[in-house]
Amino acid sequence: MRDKVMFAARRKHKMDKLLLEIKMKQERMIQIGLSKGFNNPETIEASQSLDVLILQYQIHKEKLDKSWDIRDSFLRIRDQFSKASIQSLLASLLR
């Protein structure tokens, strides 16, 4: 369980780093577009590079969300099992 939490933390760090790269690339693309035109090949190249970073971010986010969904599901099942076990034990003691 600890390994999954550490893995999720590393993925979160990677996502934060990607967000910073996205912001910087976005600002650079806008600068190029304003100075050279939005149809300029350099602007288009910067836009495509930005698209790649955004896609990487989305992939990491999806994986992070899934890992937390699995963890939450496990905890809910564990909690329900524990409650059911206690109720069953109490019922058997009261018979």
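The values are calculated or read from the model by the stated rules, or taken from the named source; none is laboratory data. Predicted model only: the values in this text are computed from it and were never measured. As a convention, Cβ positions derive from the backbone with ideal geometry for all residues, glycine included, and neighbour counts pool all protein chains shown.
Please verify whether segment 74-95 includes one or more residues that are outside any helix (DSSP H, G or I), of a type in the set (D, E, K, R) and modelled with pLDDT under 95.
As a first pass, look at segment 74-95 and keep what is outside any helix (DSSP H, G or I): 95.
Those left that are additionally of a type in the set (D, E, K, R): 95.
Narrowing the set further to residues that are modelled with pLDDT under 95 leaves 95.
Scanning segment 74-95 turns up at least one residue that is outside any helix (DSSP H, G or I), of a type in the set (D, E, K, R) and modelled with pLDDT under 95.
Within segment 25-52, which residues are surrounded by 15 or more Cβ atoms within 10 Å (Cβ to Cβ) and either within 19 Å of M15 (Cα to Cα) or among the hydroxyl-bearing types (S, T, Y) (or both)? Passing the criteria: K25, Q26, T43, S47, L50.
Residue count for segment 48-66 under the criterion of being of a type in the set (A, V, I, L, M) and either on the phi > 0 side of the Ramachandran plot or free of Cβ contacts under 8 Å to residues at least 12 places away in the same chain (or both): the result is 3. Can you list residue pairs whose Cβ atoms sit under 9 Å apart, with the first residue in segment 1-24 being under 24 Å from L50 (Cβ atoms) and surrounded by fewer than 12 Cβ atoms within 10 Å (Cβ to Cβ) and the second being of a type in the set (K, R) and modelled with pLDDT under 70? Count only pairs 6 or more apart in sequence or on different chains. Going by the 9 Å Cβ cut-off, there are no qualifying pairs.
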